[in-house]
1. Report yes if some residue within region 233-246 is touching a Phe, Trp or Tyr at 6+ places or on another chain (Cβ under 6 Å), open to solvent by less than 20 Å² (accessible area, probe 1.4 Å) and closer than 26 Å to A364 by Cβ; otherwise report no.
2. List pairs: first residue in region 127-151 and more than 18 Å from K197 (Cβ to Cβ), second residue in a loop (DSSP other than H, G, I, E, B) and of a type in the set (S, T, Y) anywhere in the structure, Cβ distance under 7 angstrom, at least six positions apart or on different chains.
3. Could you tell me which of the residues I288, I325, I274, I293 is without any contact (Cβ under 8 Å) to a residue 60 or more places away in the chain and touching a Leu at 6+ places or on another chain (Cβ under 6 Å)?
4. What number goes with the only condition from (1) under 17 Å from N26 (Cα atoms); (2) open to solvent by less than 20 Å² (accessible area, probe 1.4 Å) that R216 does not pass?
5. For D154, work out the one condition from (1) surrounded by fewer than 18 Cβ atoms within 10 Å (Cβ to Cβ); (2) in contact (Cβ under 8 Å) with a residue 40 or more places away in the chain; (3) over 17 Å from L180 (Cβ atoms) it doesn't fulfil.
6. Report those helices (runs of 4 or more DSSP H) wholly inside region 154-265 carrying at least 2 residues which are under 26 Å from the mean Cα position of the chain (by Cα) and among the charged types (D, E, K, R).
7. Taking the residues in region 25-66 that are of a type in the set (A, V, I, L, M) and in a loop (DSSP other than H, G, I, E, B) as candidates, determine which candidate is surrounded by the most Cβ atoms within 10 Å (Cβ to Cβ).
8. Inside region 100-112, can you point out the residues that are closer than 26 Å to G204 by Cβ and either away from the ligand (no atom under 16 Å from the Cβ) or open to solvent by less than 20 Å² (accessible area, probe 1.4 Å) (or both)?
Amino acid sequence: MNKTEQYPVLEIHGDIIKQNAQVLLNECRSIGIEPCAVVKGFCNLMPITKELCRAGFKEAASSRVAHLKEIREAGLPVSTLLLRIPMACEIPDVVRYCDAALVSEPETIRQLDQEAAAQKKLLNVILMRDLGDLREGIFDRETFVRTAVWIEEDLEHLHLKGIGTNLTCYGSVMPTEKNLGELCENAKQIEQLIGRKLEVVSGGNTSSLPLVLQRRMPEGINHLRIGEALIVPWDLFYTWKCPREDMSNAALILKAQIVECGEKPTMPVGEQGINCFGSYRTYEDHGIRKRAIVAIGEYDMGNYEKLVPVDPGVKVLGASSDHTIVDIHDSAREYHLGDVMSFELRYQSMLFTTANPLVRKVCAGQEGQEDE
Ligand SMILES: *Cc1c(COP(=O)(O)O)cnc(C)c1O
């Protein structure tokens with residue numbers, strides 16, 4: 001081990017990101033879908049965003065205007081799409097830095113039109129339909145269609161680029177042939193009323209990929225917004241049961257150093273109240289076992305259950321803000337104080353580690369520091 005290495009560190013494996021991206025681009029394009037690359041999940045870390053551009057994405061998307069501003073200012077060859085329906089306070093920046101935005105509220109849409117007029121621009125908008133997940137979008141079908149026609153006919157400085165939906169966020173509702181079929185029906189109705197094709201019918205996020213990979217995506221969906229599966233396809237593989245030999249979850253490897261190592265009981269001793277985050281939790285008594293503390297915590301990576309130890313003999317038992325407790329009893333490897341433990345990530349741990357300035361980021365192979 002290189003003693004001068006500083007932890008925790010997040011290793012970025014560009015080759016894996018590029019491979020994952022190309023697999024998903026090919027799968028989507030083979031059925032007429034052009035996905036955009038969603039960069040919010042990894043805080044728009046530029047080495048990753050650039051790798052996605054190299055893989056062939058033509059559009060980058062984020063919930064945060066700040067990310068899209070960075071992309072514009074870096075001069076990357078992609079158009080920008082804002083995913084979170086705009087706040088009143090960011091409307092000038094939406095028009096300034098975004099080629100397109102997802103929208104739902106008539107009042108916001110009106111303000112965007114006025115701001116676009118003031119900046120002498122034409123802003124593309126994608127009107128969102130809520131198909132039951134109960135996050136953003138217009139819930140009622142007739143109101144939705146009427147609003148789309150209103151944008152087309154009355155708002156000169158907005159271009160109705162298309163319609164979209166978002167699922168599997170608040171309401172945990174999965175995309176299906178039925179609910180996305182409804183979106184395609186809406187598109188046809190709007191197209192008849194406005195007398196032209198919509199450019200985009202956007203059928204959701206990473207959770208819509210099973211329909212693509214299983215060839216069950218309703219015809220008419222021609223756009224998806226994909227972030228998670230490009231970098232951490234863990235849920236795609238295991239939760240949604242679409243494992244792929246040609247993709248990998250190891251694009252981001254979090255490395256942390258062991259600061260305590262030895263045997264302890266598994267059952268806390270004493271009267272039980274709440275843990276450091278004010279929650280009650282339960283513990284199982286497995287007797288005395290070998291365990292370690294690694295110097296990383298929920299401040300760095302979010303919920304400890306979203307860490308995936310690279311060593312299959314390691315189990316994450318719990319974490320506080322700065323300490324994570326791992327069971328190493330069944331590992332084939334003999335761990336010592338100062339050793340470095342590696343973890344793959346899932347969505348939440350990607351979100352937290354990439355955004356945390358106290359987690360150092362390195363591109364694998366670029367500093368000759370692939371130790372261990
Ligand atoms: C975050 C987000 C996405 C991307 O989700 P992933 O799970 O990262 O693929 C797509 N659409 C909207 C509206 C989002 O907020």
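1. No, because not a single residue in region 233-246 is touching a Phe, Trp or Tyr at 6+ places or on another chain (Cβ under 6 Å), open to solvent by less than 20 Å² (accessible area, probe 1.4 Å) and closer than 26 Å to A364 by Cβ.
2. M128/S104; D133/T168; D133/Y170; L134/Y170; R135/Y170; E136/S104; G137/S104; I138/S104
3. Just one listed residue meets the conditions, I325.
4. (2)
5. In the conditions (1) surrounded by fewer than 18 Cβ atoms within 10 Å (Cβ to Cβ); (2) in contact (Cβ under 8 Å) with a residue 40 or more places away in the chain; (3) over 17 Å from L180 (Cβ atoms), D154 misses (2) alone.
6. 177-194
7. V39
8. Residues satisfying the conditions are A100, A101, L102, V103, S104, P106, E107, I109, L112.
The values are calculated or read from the model by the stated rules, or taken from the named source; none is laboratory data. Because the structure is predicted, anything quoted here is derived from the model rather than measured. Because the Cβ atoms are built from the backbone with ideal geometry, glycine has one as well, and the counts that use them run over all protein chains shown. Calculation scope for accessible area: heavy atoms of the full protein, side chains included, ligands and nucleic acids excluded. Shrake-Rupley method; radii C 1.70, N 1.55, O 1.52, S 1.80 Å.
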